[in-house]
Amino acid sequence: MESELHSIGELARASGLGVGTLRYYDGADVLTPAWVDPQTGYRWYRPGQLADARLLARLRRVGLPLAGIRAVLGAAPGSGTAARVLDAHLRRLEDGLADARRELSLIRVMTDQREQPMTTTPAEVRFTVLAEELAAALDAVRFAVGGDPETPALAGVLFEPDGPVLRLVATDRYRMALAEVPATTAPARPGGGTIVPTALVDALRALLGAADAEAEVALTLGGGLVRAETGGHRIEGAALDFDYPDHRVLTRLEPEHRIDLSAAELRGAVETGATRTLPSGPNGADCAVTVLTLTADGRLAVAGAESGPGSAPGDLRVAVNRDFLLDALRVGRPEQLVLELGGPIAPLAIRTPGREGTFSLLMPVRVPDLG
């Protein structure tokens, strides 16, 4: 048999992968040997596995995660799975490059200010947006603003210019909400994010509530200040002087399942469905936890209170804070929703069709007996 197979050393030399790396991918069920000597434990591979090993080496070089490598190597011929995985990874790389370029532009501004402190003033950017659009965006993120004095950077909403849109972000570490506002006029130069404190956010929302829906709002961000002007009225105040957490890592996770469903039906199911009480709320407080699961036919359901291995109607189960889930479902009162699930330890994304830049993320609650 050995004469028909490649030894692990031969496969390593031919593919450029180390012997230790091949052992790792065997343990990860990615590239399993054709035969393992029962006495020595030595691994042997079929000649056809050389192509898989060389492909694996290239996938590693482009930084494809383990789950993606497994999906590409295990893809059925003609299924298109490998192409979808690679396209998704390319988008992540392109987004990462765009982020790096944006951050380097801001770093250059900051270093210029350090090198010329007497002549350089903090950069300001001006945005003009519709009052109705900005009000809707504030409503979409306000519920997720943090209130823990131990994390003062989260006690507000991040206003982040990004080309032709203004992105709003709020998080309390247990959930995150994002919304995008298209600009009628946008800054010609890049600007950093500005954290608008909660009190100023609420004052701005009150100002927008009194404005005509089609009125424009002039926003000035930067230099430690926030200013909003509309309809002859103006409010302004100091921004929070903290670094906001990077939200891009969470917003680029690739979900395994996307489910379209009625918002009213899901709200009803969560409101009347079973819950479990766990110390998983802010600061370790007890909270009601809802366990979502997929049925055999791909529908989303609320699992029973006893849900554990074998008791829920589907294999995928995601546990989330019930009150946080209801808060997210109430935003905008949409008729339809898209839920994105990536597994029991991945954030649950809640989206509204047609509003790609506005969505919520809920951090999963760890439930030991979910399996």
Listed candidates (1) 24, 53, 22, 1; (2) 23, 46, 26, 4, 0; (3) 29, 57, 14, 0 - label of the one calculated as P(r) over Cα pairs in 20 Å bins from 0, in percent: (2)
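For the range 211-356, which whole-number percentage of the solvent-accessible area (1.4 Å probe, protein heavy atoms only) is attributable to carbon and sulfur atoms?
Numbers: 3530 of 7410 Å².
Roughly 48 percent, rounded to a whole number.
Please give the length that would be gained between D323 and T251 if that part of the chain were fully extended, namely 0.36 nm times their separation in residues minus their C-alpha to C-alpha distance (nm, one decimal).
Values: separation 72, 0.36 × 72 = 25.92 nm, distance 2.17 nm.
Fully extending the segment from D323 to T251 adds 23.8 nm.
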Using a Gaussian network for the chain with springs between C-alpha atoms less than 10 Å apart, which of these wobbles most: A75, A274, A170? A75
With springs only between Cα atoms under 10 Å, which of G48, G357, G224 fluctuates most in a Gaussian network model of the chain? G48
Per the 1.4 Å probe, what fraction of the accessible area of the range 1-83, in percent, lies on carbon and sulfur atoms? 52
What number, in percent, do you get for the relative contact order of the chain if the mean sequence gap of Cα pairs under 8 Å and at least 6 apart is divided by its residue count? 12
The answer for the chain, accessible area per residue at 1.4 Å probe in Å², is 52
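Which value at 222 nm does the chain reach when only helices count, each DSSP H run of 4 or more adding -39,500 (n - 2.57), with the total divided by all residues and rounded to the nearest 500 deg cm²/dmol? Provide the component values of the computation, followed by the final result.
On the way: 10 runs with 120 residues, N = 371.
Mean residue ellipticity, 222 nm, calculated: -10000 deg cm²/dmol.
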Taking R0 as 41 Å, what's the FRET efficiency between R58 and L278 from their Cβ-Cβ distance, rounded to 0.05? 0.40
Fraction in percent of alpha-carbon pairs per bin - 5 Å, the range 150-277: 2, 8, 15, 18, 17, 13, 11, 8, 5, 2, 0
In the chain, once you exclude exposed GluC sites (Glu not before Pro) (DSSP loop, at most 15 other Cβ within 10 angstrom), what's the longest stretch remaining? 1-149
Among S15, S360, S280, whose mean-square fluctuation peaks in a Gaussian network model of the chain (Cα, cutoff 10 Å)? S15
From the residues G343, P245, A288, which one has its Cα farthest along the dipole of the chain in the positive direction, the dipole being from +1 and -1 charges on Cβ of Lys/Arg and Asp/Glu about the Cα centre? G343
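Would you work out what percent of the accessible area of the range 126-203, with all protein chains in place, is carbon or sulfur (probe 1.4 Å)?
On the way: 1580 of 2900 Å².
The computed percentage sits at 55.
The values are calculated or read from the model by the stated rules, or taken from the named source; none is laboratory data. In this text the structure is predicted, and so the values were computed from the model without any measurement. Cβ: placed from backbone, ideal geometry, glycine included. Neighbour counts: every protein chain shown. Just the protein is used for accessible areas: all its heavy atoms, side chains included, with ligands, DNA and RNA removed. Shrake-Rupley method; radii C 1.70, N 1.55, O 1.52, S 1.80 Å.
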